[in-house]
1. Looking at (1) in contact (Cβ under 8 Å) with a residue 12 or more places away in the chain; (2) under 26 Å from Pro162 (Cβ atoms); (3) within 16 Å of the ligand (Cβ to nearest atom), which is the one condition that is false for Asp101?
2. Restricting to region 33-67, what's the tally of residues that are touching a Lys or Arg at 6+ places or on another chain (Cβ under 7 Å) and more than 28 Å from Thr109 (Cα to Cα)?
3. Within region 113-130, take every residue that is assigned to a strand (DSSP E or B) and in contact with a helix residue (DSSP H, G or I) (Cβ under 8 Å, 6 or more places away or on another chain) and give me the one that is nearest to the ligand (Cβ to nearest atom).
4. Here are some conditions: (1) in a loop (DSSP other than H, G, I, E, B); (2) under 24 Å from Ile73 (Cα atoms). Glu139 meets all but one. Which one does it not meet?
5. Would you point out which residue out of Arg27, Arg40, Arg47, Arg57 is modelled with pLDDT of 95 or more and more than 18 Å from the chain's Cα centre (by Cα)?
6. Looking only at region 93-122, which residues are closer than 16 Å to Asp74 by Cα and among the small types (Gly, Ala, Ser)?
7. In the list Leu76, Leu93, Leu110, Leu66, which residue meets the criterion of being in contact (Cβ under 8 Å) with a residue 40 or more places away in the chain and more than 16 Å from the ligand (Cβ to nearest atom)?
8. I'd like to check something: does region 72-88 contain any residue that is in contact with a Phe, Trp or Tyr (Cβ under 8 Å, 6 or more places away or on another chain), part of a loop (DSSP other than H, G, I, E, B) and crowded, with 19+ Cβ neighbours inside 10 Å?
Amino acid sequence: MRTFRADDGLWEDHRVEDVATPQAFRRDPDLVQRFYDARRENILAARPNAAHQALARLDREWSGELLIVTQNIDDLHERAGARRVLHMHGEGLSAWCTACDARHRWTGTLRDNPPCPSCGVRALRPDIVWFGEMPYRMEEIFAVLARADLFVSIGTSGAVYPAAGFVQEAKSHRAATLELNLERSQGSHWFDETRLGPASELVPAWVDEVLRGGAAG
Ligand SMILES: [Zn+2]
């Protein structure tokens with residue numbers, strides 16, 4: 001099986017937009033299940049990096065409120081040890097039963113259409129927010145944005161709503177805002193401060209600063 005090439009966004013010559021939709025799942029469920037079976041393999045083979053480790057340290061050592069909202073579907077934050085994580089686009093290692101609504105941790109395949117462990121019906125789909133579906137737990141995210149003292153965006157393009165609107169929401173409630181990114185983004189002008197560089201360097205440095213009681217905390 002060929003692997004997903006993040007650089008051109010193609011998988012077995014399909015555009016990701018053509019497999020990550022409810023329409024694609026209705027049209028060709030086997031194709032979509034095979035795509036996410038491959039994603040699941042990639043997730044299991046991946047390892048947390050220095051940025052994941054630093055955020056896990058922040059979660060352990062920061063006694064104040066914290067919420068790590070991620071658009072990533074992997075479990076690398078959790079494997080690094082973070083607990084206060086919200087997956088707004090779902091989780092690759094979760095299967096969602098469309099018959100009984102149960103969710104189960106899933107590390108195997110779904111292409112073989114296995115029965116739901118809760119109800120026995122063969123109606124499991126990837127627990128992923130597809131294009132055209134509503135991201136998870138938005139009310140909770142906006143409630144946290146409304147009372148945050150600091151909003152930090154790490155490595156996002158600033159181009160895809162609703163995540164792109166988070167900085168504006170946080171600012172409207174007078175939070176300080178910081179962008180950590182490889183390069184300036186479409187949303188950079190919204191932030192009080194932008195630091196450019198790889199997340200593996202910027203995030204550990206920023207976490208150090210916060211835990212020492214520096215200005216960014
Ligand atoms: Zn079920």
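1. Asp101 satisfies all of (1) in contact (Cβ under 8 Å) with a residue 12 or more places away in the chain; (2) under 26 Å from Pro162 (Cβ atoms); (3) within 16 Å of the ligand (Cβ to nearest atom) except (1).
2. 3
3. First, pick out the residues of region 113-130 that are assigned to a strand (DSSP E or B): 124-128.
Still in the list and also in contact with a helix residue (DSSP H, G or I) (Cβ under 8 Å, 6 or more places away or on another chain): 125-126, 128.
Working: Arg125: 11, Pro126: 14, Ile128: 17 Å.
Ranking the candidates gives Arg125 first.
4. Exception for Glu139: condition (1).
5. Arg57
6. Ser94, Ala95, Gly108
7. Going through Leu76, Leu93, Leu110, Leu66 in turn, the sole match is Leu93.
8. Yes; the residues of region 72-88 include at least one that is in contact with a Phe, Trp or Tyr (Cβ under 8 Å, 6 or more places away or on another chain), part of a loop (DSSP other than H, G, I, E, B) and crowded, with 19+ Cβ neighbours inside 10 Å.
The values are calculated or read from the model by the stated rules, or taken from the named source; none is laboratory data. Just so you know, these numbers come straight off a predicted model, no measurement behind them. Every residue, glycine as well, gets a Cβ built from its backbone with ideal geometry; the counts of neighbours run over all protein chains shown.
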